[in-house]
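Report on one structure; see the data block that follows.
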Amino acid sequence: MPEKTGARAVFWNRRYEPAVAARDARVDGALRARGLATATDLGLPSANLLWEPEALTTKAGQPFRMFTPFWRACRTQPRLDPAPAPARGELSPPRRWPASVPLAALGLRPRLGWDAGLRAAWSPGETGAHASLTRFVRHGLARYAQDRDRPDLDASSRLSPNLHFGEIGPRTVWSTVERAAAQRKIDPSPFLRELAWREFAHHLLHNFPRSAEAPLRPAFLRFPWAPASAARAWRRGLTGYPLVDAGMRQLWATGFMHNRVRMVAASFLVKHLLVRWQEGARHFWDTLVDADLADNTLGWQWCAGSGADAAPYFRIFNPVIQGRRFDPDGAYVRRWVPELAKLPSRFIHAPWLAPADVLARAGVVLGRTYPAPMVDHGWARARALAAFDEIKASAELEDGALRRR
């Protein structure tokens, strides 16, 4: 409404998701048609990414499809300048404010209190983002490499939703961590690699926009997926595998799931249950506070074995071993699966192995107070590998072609 505001130009940060980029193109066209100047490329560092998706390419000028060479390319880039330009005085307000409605009138908050767990877990906004960064640098950075895979510890930065919504910029995070690490003589690379994985996800989505819905490796179009009905128990955290169930319940209650548990839960859906990865990606998109199309797509395609730099298909996480390794005392499971809280630690990740008297003392009745495992791990692993064998030849041809590029 330039006639009301007196605006002559509109500027905004570039975004990279296919639908958002298309929307911005329509907005740009509509504004220009009304005589306004527009710009999304201001010649400044991206507010959303460390580098523009086109800035990093292979020696052949192609998009990266493997993270390790992408990470090496990141490390050769000029040192990031995190400091925002100083404000150039106050902006003049419009002559007359356009008509609007109060925020409360939009009815954005749920009428039922299903979001109470989310509100208790997060402090949205710029202030909360900087507080999270400060907390992590002071208390988590030094042990990040050792503790990052432990869901029972508060070892992650919890900055992913702040980064997604632009409440803090990745350059600010990168430089703050790098500076603090230098002062304390610790290696920041384990954490900076995670920022680079976020960057890699956007690089892939920008260059392969169909990957949000379709496998990046065409061989997986022929994979013999099972019906999606098994996903219902997985979504509710009732698979019978405590680590998976704890993660799914944490997700529903708080909108967050620890990254190690995300990998285990995703692997369980696509490899133990043979449910299409798109089903899991949609559920995460609906429930994650940090739901980001690029990160979500990369993570699910990685677990399914169908994406760039994907995990080898034979890598099928054993939820019991993962639980014992990364939640050794069962604290994470006890918090999110309280019906198992009284089990001894040696049985907390495999309650079906507990003797009858141990189950009785813990108040656990398998199949009634807590489900028995949906599938046997050994049987499910063999079934998944047999399914992969049906497309293995064409998948190996794809891998060979990628290595030759």
Failed condition for residue 223, given (1) surrounded by fewer than 18 Cβ atoms within 10 Å (Cβ to Cβ); (2) of a type outside the set (Gly, Ala, Ser); (3) assigned by TED's automatic domain parsing to the domain that holds residue 277: (1)
Does at least one position in the stretch 166-187 carry a residue that is of a type in the set (A, V, I, L, M), free of Cβ contacts under 8 Å to residues at least 12 places away in the same chain and within 21 Å of residue 384 (Cβ to Cβ)? no
Counting only helices (runs of 4 or more DSSP H) wholly inside the stretch 216-283, the ones holding at least 3 residues that are within 15 Å of residue 320 (Cα to Cα) are 242-254, 259-267
I'd like to check something: does the stretch 25-37 contain any residue that is outside the structural domain of residue 172 (by TED's automatic domain parsing), within 26 Å of the chain's Cα centre (by Cα) and either β-branched (Val, Ile, Thr) or at pLDDT 90 or above (or both)? no
Selection from the stretch 347-402 of residues that are surrounded by 15 or more Cβ atoms within 10 Å (Cβ to Cβ), in a loop (DSSP other than H, G, I, E, B) and modelled with pLDDT of 95 or more: 348, 349, 350, 354, 364, 371, 373, 374, 375
Please determine whether any residue of the stretch 295-304 is at positive phi and at pLDDT below 95. no
Given the conditions (1) of a type outside the set (S, T, N, Q); (2) part of a helix (DSSP H, G or I); (3) in contact with a Cys (Cβ under 9 Å, 6 or more places away or on another chain), report the number of the one that residue 310 does not fulfil. (2)
Of the numbered conditions (1) within 27 Å of residue 114 (Cβ to Cβ); (2) touching a Leu at 6+ places or on another chain (Cβ under 8 Å), residue 301 satisfies every one except a single condition; which is it? (1)
For the subset of the stretch 333-346 comprising residues that are touching a residue at least 24 places away in the same chain (Cβ under 8 Å) and assigned to a helix (DSSP H, G or I), which member is surrounded by the most Cβ atoms within 10 Å (Cβ to Cβ)? 333
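The values are calculated or read from the model by the stated rules, or taken from the named source; none is laboratory data. Worth saying up front: this structure is predicted, and the values here are computed from it rather than measured. Glycine gets a Cβ as well: all are built from the backbone with ideal geometry, and neighbour counts include every protein chain shown.
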